[in-house]
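Read through the structure below, which is laid out as structure tokens, and then see the notes.
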Amino acid sequence: MAPPKGANPLIEARLAEILLDIERALGADCLFYKGSIAFGADDRIRDAVEGFTKRRRKLVFVLETPGGFAEDARRISDALRHHYREVDFLIPSHAMSAGTILALSGNAILMDYYSVLGPIDPQVPSQDGSKLLPALGYLLRYEDLLAKANRGEAGAAELQILLSFDQGELYAYGQARDLSVALLEEWLAKYKFKNWTVTKTRKIQVTDKMRKERAIEIAKKLNDIRRWNSHGIGINMQRLRKELNLYIDDFGRNPVLRNAVRSHHTLVLDYSLKMGLDSVVQTREIFDGRRWGG
């Protein structure tokens, strides 16, 4: 995965300038990542964080991802927390699946009306390793067929499909699902709900048990893909607030920050498309764009 030829230093310098505008608006270091939460993303993000020559107390991670592996999300979070006491996530457009898990490890999540997170359906590699597939879809299909077979309602074709499922793969899918839920339960209670001390309506003092129970409730809802009907559905800020009772900061209310985020997002997507970049890691000091297998 070598850096592409023909990189444009002027465009990359401009992207660094805009990222500095975001840093000034937020009073934090910024790290931008676009790409899957897989294929060495954890190593590259760790290297970028270690590369800051001067570090602030807080990091804002600007994230755009279709998802990936829960284990990689855990490794990225561990690397960020090793260097920063406070980590916030800003979502210009979308952070799905493992990206949602990673974003929910933050002390705060910044979105606007256009931003979306997704259900926490962990992904697994296809048999040929060429793409990532949602694990929970396979588990639900297997569980539905098994229940139908146990009721004596499955036809010959359905029984054949049921027998074709690889038990080792199903176990791995279940492990990925359980890890996703466990990470959310831990991170939400530890970071997102850290400053939740009094309930909003009844003004009751919040206990560790209440934080844990709220975290479990949110994790289970996000893990219920029957609720959301699709692995790839986007859950916007309003639904996260209303249906999950999850507090989200609206960066769109700050015109300076909103304009900087939009300008950076538009330029980095255009540059990535023209350069054929599958992933980008950027700080004010480095720009690391790569093509898979390039």
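Worth a mention:
- Every residue from segment 245-262 that is under 20 Å from Thr65 (Cβ atoms) and assigned to a helix (DSSP H, G or I): Phe251, Val261, Arg262
- Here segment 139-155 is the region considered, the condition is being at pLDDT 80 or above, of a type in the set (A, V, I, L, M, F, W, C) and assigned to a helix (DSSP H, G or I), and the residue that is surrounded by the fewest Cβ atoms within 10 Å (Cβ to Cβ) is Ala147.
- Residue in segment 148-171 that is under 22 Å from the mean Cα position of the chain (by Cα) and in contact (Cβ under 8 Å) with a residue 40 or more places away in the chain present: no
- Every condition in (1) under 17 Å from Leu273 (Cα atoms); (2) assigned to a helix (DSSP H, G or I) holds for Arg44 except the one numbered (1).
Table: residues versus (1) out of contact with any strand residue (DSSP E or B) (no Cβ under 7 Å at 6 or more places or on another chain); (2) of a type in the set (Asp, Glu); (3) under 26 Å from Tyr113 (Cα atoms).
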| residue | (1), (2), (3) |
| --- | --- |
| Arg141 | yes, no, no |
| Ala154 | yes, no, no |
| Glu158 | yes, yes, no |
| Gln175 | yes, no, no |
| Lys200 | yes, no, yes |
| Glu243 | yes, yes, yes |
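- Qualifying residue in segment 103-126 (condition: at pLDDT below 95, over 23 Å from Lys220 (Cα atoms) and surrounded by fewer than 24 Cβ atoms within 10 Å (Cβ to Cβ)): yes
- Taking the criterion of being surrounded by 18 or more Cβ atoms within 10 Å (Cβ to Cβ) and either part of a helix (DSSP H, G or I) or free of Cβ contacts under 8 Å to residues at least 60 places away in the same chain (or both), the residues of segment 233-244 that qualify are Met237, Leu240.
- When the residues of segment 246-294 are filtered to those that are farther than 18 Å from Leu59 by Cβ and among the polar types (S, T, N, Q), the one that is surrounded by the most Cβ atoms within 10 Å (Cβ to Cβ) is Ser279.
- One residue from Leu136, Leu179, Leu188, Leu132 being under 16 Å from the mean Cα position of the chain (by Cα), closer than 27 Å to Leu80 by Cβ, modelled with pLDDT under 85 and not charged (D, E, K, R): Leu132
- Selection status of Asp29, more than 22 Å from Ile233 (Cα to Cα) and buried (at least 21 other Cβ atoms within 10 Å of the Cβ): yes
- Hits in segment 78-102 - residues which are closer than 20 Å to Val268 by Cβ and buried (at least 24 other Cβ atoms within 10 Å of the Cβ): Phe89, Leu90, Ile91, Pro92, Ala95, Met96, Gly99, Leu102
- Failed criterion for Gly174 (all others in (1) part of a helix (DSSP H, G or I); (2) of a type outside the set (Val, Ile, Thr); (3) modelled with pLDDT of 90 or more hold): (3)
- Within segment 182-232, the set of residues being hydroxyl-bearing (Ser, Thr, Tyr) and either part of a helix (DSSP H, G or I) or closer than 28 Å to Lys58 by Cβ (or both) comprises Tyr191, Thr197, Thr199, Thr207.
- When Trp187 is tested against (1) crowded, with 16+ Cβ neighbours inside 10 Å; (2) farther than 14 Å from Thr100 by Cα; (3) not β-branched (Val, Ile, Thr), just one condition goes unmet, and that condition is (2).
- Candidates Gly99, Gly67 - the one that is within 20 Å of Val49 (Cα to Cα) and out of contact with any Cys (no Cβ under 7 Å at 6 or more places or on another chain): Gly99
The values are calculated or read from the model by the stated rules, or taken from the named source; none is laboratory data. Predicted, not measured: the structure shown is a model, and the values here were computed from it. Backbone-built Cβ (ideal geometry, glycine too); neighbour counts: all protein chains shown.
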